[in-house]
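Down below is the structure, laid out as structure tokens.
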Amino acid sequence: MNTEYVIAFLASTAGAATPLVLASSGELVAERSGVLNLGLEGIMLVGAVTGFMTTVSTGSLTLGLLAALLAGMAMSLLFGFLVLTLQTNQVATGLALTLFGIGLSAFLGRDLVGQTVAPIAPLSFPVLSDIPFIGPLLFRFDPVVYLSLLLVVAVGWMLAHTRTGLQIRAVGEAPHSAHAIGMPVIGLRYAAVLFGGAMAGVGGAYMSLALTPMWVEGMVAGRGWIALAQVVFATWKPRNVVLGAYLFGGVTVLQFHGQGLGIAVPSQFLSMLPYLATIVILVIICRDPKTILLNKPMSLGQNFKAD
């Protein structure tokens with residue numbers, strides 16, 4: 001195994017992890033406010049097709065990412081209206097949103113199959129990009145990879161050190177108590193849900209504009225569900241989201257490199273490795289109730305209605 005192979009593997013891992021970092025970070029904020037959005041898969045698919053469709057029409061990757069962000073917010077606004085205003089069941093509504101997103105993305109992308117776009121170009125840092133091993137490993141990614149890591153830092157800082165973060169956490173722990181002291185519980189939950197949807201939309205668009213710069217029906221391939229699992233794996237801590245996402249990304253990339261190296265393992269088994277690894281990790285974590293409940297919002301999945 002030479003240096004070039006290691007660099008290629010690690011660089012590919014960063015790309016594969018980025019959609020999960022984005023979607024998981026957004027969902028973490030939503031869950032810290034007490035809202036469980038199981039519609040991430042559908043939101044990511046709508047973001048992927050919207051971003052790709054906009055980029056094909058305008059030739060601008062920036063507009064494509066912005067359109068995906070707005071599409072994710074629109075989907076999450078629908079979810080928020082049903083759950084926060086009409087007080088529907090969060091689990092059932094999230095599942096319905098996923099099914100809706102799958103169908104809507106397939107409909108919107110029916111004429112886009114087979115088309116391609118130029119992928120998001122990597123950044124180049126003078127001198128730094130040319131440092132052996134470190135340069136290709138740290139200074140040759142596209143802007144979204146770096147922004148996803150900055151997002152995690154920003155989310156962690158916001159939740160821990162700002163008034164808004166404190167209010168979001170308070171609403172997630174005890175919404176009725178928060179309401180009693182004047183906090184806008186529904187407004188904060190709407191904001192958190194919209195942020196989560198926006199990040200999921202961008203995460204989906206990253207897949208269609210960077211990882212595989214084309215539209216393929218169902219291309220998110222379960223990553224919305226993995227993003228949900230990552231939040232649990234991270235025990236609702238932003239910094240752990242990166243660890244979980246890069247672990248999953250590494251296992252995902254491993255299946256392709258394993259086939260390229262001629263490893264005598266059925267391709268179907270390699271394809272299921274990322275999901276198998278996620279299940280195993282969640283089982284290990286959930287065996288200790290103290291671990292899984294360490295940072296879980298007490299009102300997660302529970303609707304709030306002002307008395």
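The values are calculated or read from the model by the stated rules, or taken from the named source; none is laboratory data. If you're wondering where the values come from, they're calculated on a predicted model, not measured in any experiment. For neighbour counting, all protein chains shown are included, and Cβ atoms are generated from backbone atoms with ideal geometry for every residue, glycine included. Accessible surface is based on the protein model in full, side chains and every heavy atom, while ligands, DNA and RNA are left aside. Shrake-Rupley method; radii C 1.70, N 1.55, O 1.52, S 1.80 Å.
Looking at Leu137, Leu209, which one is touching a Phe, Trp or Tyr at 6+ places or on another chain (Cβ under 9 Å), assigned to a helix (DSSP H, G or I) and of a type in the set (A, V, I, L, M)? After applying the criteria, what remains is Leu209. The residues on offer are Pro126, Pro132, Pro143, Pro119, and the sole one that is surrounded by fewer than 20 Cβ atoms within 10 Å (Cβ to Cβ), within 25 Å of Met214 (Cα to Cα) and either without any contact (Cβ under 8 Å) to a residue 40 or more places away in the chain or among the hydrophobic types (A, V, I, L, M, F, W, C) (or both) is Pro143.
Pull up region 152-174, narrow it to residues that are part of a helix (DSSP H, G or I) and of a type in the set (S, T, N, Q), then point me to the one that is most open to solvent (accessible area, probe 1.4 Å). So that I can check it myself, show each step before the final result.
Narrowing region 152-174 to residues part of a helix (DSSP H, G or I): 152-161, 163-173.
Applying the additional criterion that residues be of a type in the set (S, T, N, Q) yields 164, 167.
Values: Thr164: 72, Gln167: 32 Å².
In this case the residue turns out to be Thr164.
Criterion first (in a helix (DSSP H, G or I) and without any contact (Cβ under 8 Å) to a residue 60 or more places away in the chain) does Ser177 satisfy it? Yes: the conditions hold for Ser177. Scanning region 39-66 for residues that are without any contact (Cβ under 8 Å) to a residue 60 or more places away in the chain and open to solvent by less than 50 Å² (accessible area, probe 1.4 Å) gives Thr54, Ser60. Restricting the first member to region 91-114 and to residues that are in contact (Cβ under 8 Å) with a residue 24 or more places away in the chain, and the second to residues that are of a type in the set (S, T, N, Q) and exposed (fewer than 13 other Cβ atoms within 10 Å of the Cβ), no beta-carbon pair is closer than 6 Å while six or more apart or on different chains. Among the conditions (1) more than 24 Å from Val46 (Cα to Cα); (2) open to solvent by 40 Å² or more (accessible area, probe 1.4 Å); (3) more than 18 Å from the chain's Cα centre (by Cα), Glu217 misses just one, which is (1). Gly114 versus (1) open to solvent by 30 Å² or more (accessible area, probe 1.4 Å); (2) among the small types (Gly, Ala, Ser); (3) assigned to a helix (DSSP H, G or I): which is the lone unmet condition? With (1) open to solvent by 30 Å² or more (accessible area, probe 1.4 Å); (2) among the small types (Gly, Ala, Ser); (3) assigned to a helix (DSSP H, G or I) applied to Gly114, the lone miss is (3). Looking at this structure, is Leu78 in a helix (DSSP H, G or I), over 17 Å from Gly249 (Cα atoms), out of contact with any Ser or Thr (no Cβ under 6 Å at 6 or more places or on another chain) and not polar (S, T, N, Q)? It is true that Leu78 is in a helix (DSSP H, G or I), over 17 Å from Gly249 (Cα atoms), out of contact with any Ser or Thr (no Cβ under 6 Å at 6 or more places or on another chain) and not polar (S, T, N, Q). From Leu36, Leu20, Leu69, which residue is open to solvent by 10 Å² or more (accessible area, probe 1.4 Å) and in a helix (DSSP H, G or I)? Unique residue meeting the criteria: Leu69. Within region 196-214, which residues are open to solvent by 10 Å² or more (accessible area, probe 1.4 Å) and of a type in the set (Ser, Thr, Tyr)? Within region 196-214, just Thr212 meets the criteria. Every test in (1) under 23 Å from the mean Cα position of the chain (by Cα); (2) modelled with pLDDT of 90 or more is passed by Ala174 save one, and that test is (1). Could you tell me whether any residue of region 299-306 is at pLDDT 80 or above, aromatic (Phe, Trp, Tyr) and part of a helix (DSSP H, G or I)? Within region 299-306, not a single residue is at pLDDT 80 or above, aromatic (Phe, Trp, Tyr) and part of a helix (DSSP H, G or I). Here Phe269 meets the list (1) at pLDDT below 95; (2) open to solvent by less than 60 Å² (accessible area, probe 1.4 Å); (3) not in a loop (DSSP other than H, G, I, E, B) almost entirely, failing just condition (2).
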